[in-house]
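The structure appears right after this line, and notes come after that.
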Amino acid sequence: MKLTANKRRKFRVTKKLKQVANKERLRLSISRTSKNISAQIIDDSRNITLLSASSVEKDFKSETKITKTELSKIVAEKLAKKALEKKISKIYFDRGLYKYHGRVKVFAETLRKNGMEF
């Protein structure tokens, strides 16, 4: 089965992260669509998702007239708050197939401002 360019890029980025990963850091995987953004903090040693935040959740449905960039900031703040409650501060940022600019960059910078270290 031949993989598309997007899947090859995603596998390449994730593989590099897993090679340098150690036990004390977890992986933050990000996913975005044309309207929404979501992220998960994953423990690869146990293959489980510890935390997740998404713009599709009910909390964000009530807000209207909000830009996608502002939505990324809000989701990042919510995820950082959840992570700090569980005492998670060191992570690896897995951008997947997305370039590090625009909403992905805003998401990462907001996480850094709220106490996450990567």
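Residue selection: residue 68 satisfies the criterion of being basic (Lys, Arg) and farther than 23 Å from residue 17 by Cβ. Scanning segment 3-13 for any residue that is of a type in the set (Gly, Ala, Ser), surrounded by fewer than 16 Cβ atoms within 10 Å (Cβ to Cβ) and either in a helix (DSSP H, G or I) or free of Cβ contacts under 8 Å to residues at least 12 places away in the same chain (or both) turns up at least one such residue. Meeting the requirement of 1 or more residues that are over 12 Å from the mean Cα position of the chain (by Cα) and surrounded by 15 or more Cβ atoms within 10 Å (Cβ to Cβ), the helices (runs of 4 or more DSSP H) wholly within segment 27-118 are 58-61, 68-85.
All of the numbers you see were taken from the coordinates with simple rules; none came from a lab. Everything numeric here is computed off the predicted structure, so don't read it as measured data. Backbone-built Cβ (ideal geometry, glycine too); neighbour counts: all protein chains shown.
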